[in-house]
Structures are given as C-alpha cells and as structure tokens.
Amino acid sequence: MKLIHKKFEELSLEELYEILQIRSAVFVVEQNCIYQDIDGIDQRSMHLFYEDAGRIKAYLRYFDKKDEEGTIQIGRVLTIDRGIGLGRKLLHECMRILKEDNVSNVYLEAQEYAIGFYEKEGFYVDSALFLEDGIPHVCMRWRNCKDSLCSLSEIDI
C-alpha cells in the first residue's frame, strides 16, 4: 500500500476522477445525501490517500480553514476497505505531516457516528450537534500541546 500526498495540480486526471467517484459513492449514494461535493475547496487542498494496485483505498483532504487563520481543516475522510484500520492509519499520517509542518490548530466537522473515532485520535467535540446536509455533525478540534496535556506521542501518532 502506497501513501500519496499531492496538491490539487499534482493529481493526475485518473486520480482526480477516482477521488471524485469514491467521494460521491460514499457521501452521496451510500449515505443517501444529495449535496454538492465539488465545492471549490479541492483546488486549495492537499490530498492524502492510500493506493493499492492502482486503486484508492482511503482518502482525505486538508486545507487552510477559511475563517480561522493558522488553522488546518480536515475533511472528506473515507475508506473503501473498512474495518482494517486504514482510516486511522491515514489520519495518523495526516497528523504526522501537520506536526512536521508545525501546525498546532486542526479542525474538522465529524458526522455524529464518527465522534468516537476522532476522539481516539486526539480530537475533542467543540460544538453542539448541527445538521449539515441533513446529517448530524459536530465541530471537533485536535488536542494540541498548547491547550491540553495531550501530545502527539501520547496518542500514538
């Protein structure tokens, strides 16, 4: 399994097509949620994914949070082969990259069912439940060394 980390303009047409295809399959079709996945953020995002035998198996993107300088937002986290730890492994790699880039403020909007997954990775809930495209979500932030006793080494990244 190969980890790939690219800017939008570095993605091949085939990679971009597959990314959009799997995001649509998971977030639109599987979750029966009609929303605009192609949102204009991909062009300013970093794309991180695992590829195996020429197919994307896990994916996420991250980008500068528009209304919060110095904060990185993670989104569109998905895995194709579930239950084998790829989501956790990919999130670990993302956090490792962000740590190397001296990023300390990380934000994401998690679907309610995924709160526990992100809490295990060092994030905490920072909002009440809200509906995003009809699905309950919460805002979550990463527990960095500035605002808690938690550190990357303590959460095994």
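General remarks:
- Within the stretch 53-71, the set of residues being small (Gly, Ala, Ser) and either within 13 Å of the chain's Cα centre (by Cα) or surrounded by 17 or more Cβ atoms within 10 Å (Cβ to Cβ) (or both) comprises just one member, Ala58.
- Top-ranked residue in the stretch 72-90 [being assigned to a strand (DSSP E or B) and of a type in the set (A, V, I, L, M); ranked as surrounded by the most Cβ atoms within 10 Å (Cβ to Cβ)]: Ile74
- Selection count, the stretch 2-42, where residues are aliphatic (A, V, I, L, M), within 13 Å of Leu60 (Cα to Cα) and touching a helix residue (DSSP H, G or I) at 6+ places or on another chain (Cβ under 7 Å): 1
- Residues within the stretch 1-57 that are without any contact (Cβ under 8 Å) to a residue 60 or more places away in the chain, within 24 Å of His137 (Cβ to Cβ) and not in a strand (DSSP E or B), tallied: 23
- Test: residue in the stretch 94-117 that is in contact with a Gly (Cβ under 7 Å, 6 or more places away or on another chain) and farther than 19 Å from Phe27 by Cα: yes
- Selection from the stretch 112-124 of residues that are in a strand (DSSP E or B) and either among the aliphatic types (A, V, I, L, M) or surrounded by fewer than 17 Cβ atoms within 10 Å (Cβ to Cβ) (or both): Tyr124
- Exactly one residue out of Leu98, Leu108, Leu131 is surrounded by fewer than 13 Cβ atoms within 10 Å (Cβ to Cβ) and not in a loop (DSSP other than H, G, I, E, B), and it is Leu131.
- Tabulated pairs, the stretch 58-84, first of a type in the set (D, E, K, R), second assigned to a loop (DSSP other than H, G, I, E, B), C-beta under 6 angstrom, 6+ apart or interchain: Arg61/Ser45
- Residues located in the stretch 134-157, provided they are exposed (fewer than 11 other Cβ atoms within 10 Å of the Cβ), closer than 20 Å to Leu91 by Cα and either of a type in the set (Ser, Thr, Tyr) or modelled with pLDDT of 90 or more (or both): Ser153
- Verdict on Glu93 being surrounded by fewer than 18 Cβ atoms within 10 Å (Cβ to Cβ), modelled with pLDDT of 95 or more and within 16 Å of the chain's Cα centre (by Cα): no
The values are calculated or read from the model by the stated rules, or taken from the named source; none is laboratory data. Just so you know, these numbers come straight off a predicted model, no measurement behind them. For neighbour counting, all protein chains shown are included, and Cβ atoms are generated from backbone atoms with ideal geometry for every residue, glycine included.
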